[in-house]
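Written out below as structure tokens is the structure these notes cover.
The values are calculated or read from the model by the stated rules, or taken from the named source; none is laboratory data. Because the structure is a prediction, the values reported are computed rather than measured. Heads up, the Cβs are rebuilt from the backbone with ideal geometry, glycines too, and the neighbour counts pull from every protein chain shown.
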Amino acid sequence: MTQVVTDAIVLHSFDYLESSRILKLVTRDAGVRSVLARGARKSRKRFGAAVDLYSQGTADLQTKPGRDLDTLSAFDLTRVRQQLAASLPRFTGASMIAELTLRFAQDDADPDLFDAVAETLDALTVAAPDRARDIALGGAWRILAAVGIAPTVDVCAECHASVEPDAPAVFSHPAGGTLCARCSQLARSGRTLPPEARAALRDWLAGESHPLGDVNAVRAHQRLLREFLRHHLGDDRPFNAFDVWESGGLETPLPASVP
Ligand SMILES: [Zn+2]
């Protein structure tokens with residue numbers, strides 16, 4: 001057994017046997033971990049709000065090489081994010097961020113990823129209804145940058161020539177980002193991004209906020225992100241939380257167990 005003490009955020013939580021819960025945590029020092037919180041449902045004293053979704057704290061984990069499930073010995077809570085449940089755009093945005101993180105993260109230390117998730121959830125917690133979607137979009141691109149698959153914005157993804165920043169440019173998912181004029185003529189597919197869309201991507205990948213002007217811009221960015229994720233995952237596993245977030249959360253009611 002090895003003890004790991006690290007900052008952690010609860011991204012998923014479900015009941016296990018009679019009295020326990022299994023949590024999925026993103027941690028600063030050990031990537032994404034599945035952990036068993038023994039007795040968490042019997043006594044709130046031991047873990048308190050630590051078993052709530054999006055809670056953050058210092059987790060004390062017992063890990064064993066070759067075993068998929070760690071044991072959670074203690075969780076010193078530093079932050080709860082109950083306000084995420086206060087509005088649909090916040091809640092569906094946080095669910096999408098959790099899904100994305102669990103799908104792309106590995107089990108090794110990634111402080112950039114941890115900070116990207118923590119700061120995105122913090123921003124969503126206080127987001128005005130008309131900002132929650134662009135904050136979630138920005139967080140998603142920042143997370144993709146942290147796990148090493150950021151698209152290019154100002155450099156051609158094929159030939160590495162610089163691409164004029166204030167002009168429309170073709171974005172190719174197979175190439176991995178923006179293309180120069182010459183390469184875009186040779187490309188089989190691609191979507192032309194206006195300068196404003198490239199400016200948003202540039203800011204988000206750098207971890208900065210970038211409000212979007214209207215619902216059409218939000219929709220276009222959601223579509224671009226969805227296509228990018230699909231291309232990089234290379235599988236057909238459903239992106240349930242993403243779909244609910246993209247549809248505005250209106251077609252699917254909130255689950256009964258909102259924290
Ligand atoms: Zn090129």
query: Is it true that some residue in region 154-168 is out of contact with any helix residue (DSSP H, G or I) (no Cβ under 6 Å at 6 or more places or on another chain), closer than 30 Å to G57 by Cα and surrounded by fewer than 21 Cβ atoms within 10 Å (Cβ to Cβ)?
result: no
query: Out of F75, F91, which single residue is assigned to a strand (DSSP E or B), crowded, with 16+ Cβ neighbours inside 10 Å and in contact (Cβ under 8 Å) with a residue 60 or more places away in the chain?
result: F75
task: Starting from region 175-188, keep only residues that are at positive phi, then list their pairs with residues that are aromatic (F, W, Y) whose Cβ atoms are within a distance under 9 Å, requiring at least 6 positions of separation or different chains.
output: G177/F171
message: List the residue pairs whose Cβ atoms are under 7 Å apart, where the first residue sits in region 99-115 and is modelled with pLDDT of 95 or more, the second is of a type in the set (F, W, Y), and the two are 6 or more positions apart or on different chains.
response: E99/F239; E99/F242
- prompt: Does D108 qualify as being among the acidic types (D, E), more than 16 Å from the ligand (Cβ to nearest atom) and more than 30 Å from R33 (Cβ to Cβ)?
  reply: no
- request: Please identify the pairs in which a residue from region 224-236 that is surrounded by 12 or more Cβ atoms within 10 Å (Cβ to Cβ) and part of a helix (DSSP H, G or I) has its Cβ atom under 7 Å from the Cβ atom of a residue that is modelled with pLDDT of 90 or more and of a type in the set (D, E), counting only partners at least 6 apart or on another chain.
  value: R226/E246
message: Could you check region 173-200 and list, in sequence order, the residues that are more than 10 Å from the ligand (Cβ to nearest atom) and crowded, with 17+ Cβ neighbours inside 10 Å?
response: H173, G176, G177, G190, L193, A197, R198, A200
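Per-residue answers, yes or no, for (1) crowded, with 23+ Cβ neighbours inside 10 Å; (2) within 19 Å of V80 (Cα to Cα):
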{"residue": "I97", "(1), (2)": "yes, yes"}
{"residue": "D112", "(1), (2)": "no, no"}
{"residue": "E119", "(1), (2)": "no, yes"}
{"residue": "T125", "(1), (2)": "no, yes"}
{"residue": "R131", "(1), (2)": "no, no"}
Region 6-22: number of residues that are among the small types (G, A, S) and either under 12 Å from D52 (Cα atoms) or in a loop (DSSP other than H, G, I, E, B) (or both): 2
- request: Considering (1) under 21 Å from V218 (Cα atoms); (2) away from the ligand (no atom under 12 Å from the Cβ), say which one G148 fails and leave the rest.
  value: (1)
task: Would you confirm whether any residue within region 152-159 is within 16 Å of the ligand (Cβ to nearest atom) and out of contact with any strand residue (DSSP E or B) (no Cβ under 7 Å at 6 or more places or on another chain)?
output: yes
